[in-house]
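This is the structure I want to talk about, given as structure tokens.
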Amino acid sequence: MDTREVLEQVRAGKLSVEEAQRLIERQPFEELGYAKLDTQRQQRQGFGEVVFCSGKADAHLLAIFRKLQQDQQEVLGTRASRAQYELVRQVCPEVVYDPLARLLKIEKKNKPHVGNIVVCTAGTADVPVAEEAAQTAEFFGSKVDRIYDVGVSGLHRLLARLDRLQQGNCVIAIAGMEGALASVIGGLVRNPVIAVPTSVGYGASFHGLAALLTMLNSCANGIATVNIDNGYGAGYLATQINRLALQEPAKEK
């Protein structure tokens, strides 16, 4: 909980003054021996700590998820397997799993989603990375508009969605193969574009390296590129941009 939530719970009679003091004065991280949970990340950055699940020992993953749920109420886990989902569900029965995006989520029901982030893919094979990006942004409270399978091999498909593209506070462009989608979108919209290269492609794509280099060398302006298959990083950054856009004073008509 952040400081405001603690104070609101004191006002509602759900926390004693002594319990609230303990929460506010505690260390900026929770020492678990094998992990140091960043309990004040929400206060510093506006986002709670997220769990990278792949490679974690079962006991460590369970303890981390349970502790973060106690502290944050909401928990996001990335790159999770179905086996890890079944494991976490034993101690956190409310957890949900998306096998396409490989995300574990414990989140509040009916929370609002604001602003507008547009998530585009070049092809259907890029959708798993797109869903990691889109659901990350939604987890952090952003409204997401999905436009899938609009790659440059059929440019008319993208142009048919131009009005939606231009309404986004930012656009996430996800593509494998030669990765040209980000450059095309960069030349069509006024707001930032986050390019995500994927490892989709034939041999000479070098598991996403070709798309990465194309996106890094784009001649279009306003494009930032994240790592190969890093949908989570794109969704996080897009949410930061979306929040900034919502803070801007309304333009005079």
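Quick one: pull the percent of accessible area on the chain belonging to carbon and sulfur, 1.4 Å probe, ligands and nucleic acids left out.
52
Still on this structure, please answer the following. Testing the spin-label approximation: label points 7 Å from Cα along Cα→Cβ at Ala125 and His113. State their distance in nm.
Computed distance between label sites Ala125 and His113 equals 2.8 nm.
What ³J(HN,Hα) values, in whole Hz, does the Karplus curve 6.51 cos²θ - 1.76 cosθ + 1.60 give for the stretch 101-112 when θ = phi - 60°, with x put for Gly and Pro?
3J(HN,Hα) across the stretch 101-112, in whole Hz: 7, 6, 10, 9, 9, 10, 9, 5, 7, 6, 7, x.
Using θ = phi - 60° and the Karplus relation 6.51 cos²θ - 1.76 cosθ + 1.60, list the HN-Hα couplings for the stretch 139-144 in order, rounded to whole Hz, with x at every Gly or Pro.
With coefficients 6.51, -1.76 and 1.60, one gets 4, 8, x, 8, 7, 10 Hz.
Using a 1.4 angstrom probe with every protein chain in place, what is the largest-first accessible-area order of Lys56, Lys14?
Of Lys56, Lys14, the descending order of accessible area is Lys14, Lys56.
Please list, in order along the stretch 215-226, the HN-Hα scalar couplings obtained from phi with the Karplus expression 6.51 cos²θ - 1.76 cosθ + 1.60 (θ = phi - 60°), rounded to whole Hz, x for Gly and Pro.
5, 5, 9, 4, 8, 6, 8, x, 10, 10, 10, 9
Among 172-178, 103-109, 6-12, how do they line up by average Cβ neighbours within 10 Å per residue, starting with the highest?
By packing density, highest mean first, the sequence is 172-178, 103-109, 6-12.
Please give, to one decimal in nm, the separation of the simple spin-label points placed at Phe52 and Val96, each 7 Å out from Cα toward the Cβ.
Placing both labels 7 Å along Cα→Cβ, they lie 2.6 nm apart.
Go through 69-75, 158-164 and give me the packing order, highest mean Cβ count within 10 Å leading. Write down the numbers at each step before the final one.
Numbers: 69-75: 17.4, 158-164: 13.3.
By packing density, highest mean first, the sequence is 69-75, 158-164.
For Thr225, list long-range residues whose amide hydrogen, built 1.01 Å from N in the peptide plane, is under 5 Å from its own amide hydrogen.
Amide H to amide H, under 5 Å and 5 or more residues apart or across chains, Thr225 pairs with Ala195.
Roughly how many Å² is the accessible area per residue of the chain, as a whole number, for a 1.4 Å probe?
53
Toward the positive end of the charge dipole of the chain, about the Cα centre and with charges on Cβ (Lys, Arg +1; Asp, Glu -1), which of Ala175, Leu162, Asn217 goes farthest?
Leu162
To continue, here is another question. Return a single number: how many Lys pairs in the chain, at a sequence separation of 8 or more or on separate chains, have alpha-carbon atoms below 24 angstrom apart.
Pairs that pass both the separation and distance tests number 18.
Suppose the chain between Glu18 and Tyr202 were pulled fully straight at 0.36 nm per residue; how much longer would it get relative to their current alpha carbon spacing?
Working: separation 184, 0.36 × 184 = 66.24 nm, distance 6.11 nm.
Contour length minus the Cα-Cα distance gives 60.1 nm.
OK, next. Around Glu131, what is the net charge, scoring Lys/Arg as +1 and Asp/Glu as -1 over all other residues with Cβ under 11 Å from its Cβ?
In short, -2.
For Thr198, list long-range residues whose amide hydrogen, built 1.01 Å from N in the peptide plane, is under 5 Å from its own amide hydrogen.
Sorted by chain and number, the residues that satisfy this are Ala175, Gly176, Asp229.
Any chance you could give the angle, 0 to 90 degrees and rounded to 10, that helix 58-72 forms with the longest Cα principal axis of the chain?
Value to nearest ten degrees: 80.
Related question: Highest mean first, what order results for 58-65, 229-236, 196-203, 126-133 on Cβ atoms within 10 Å?
In decreasing order of mean packing, 58-65, 229-236, 196-203, 126-133 become 126-133, 229-236, 196-203, 58-65.
The values are calculated or read from the model by the stated rules, or taken from the named source; none is laboratory data. These figures come from a predicted structure and were not determined experimentally. Here Cβ is always computed from backbone atoms with ideal geometry, including for glycine, and neighbour counts include all displayed protein chains. For accessibility, only protein heavy atoms count, side chains too; no ligands or nucleic acids. Shrake-Rupley method; radii C 1.70, N 1.55, O 1.52, S 1.80 Å.
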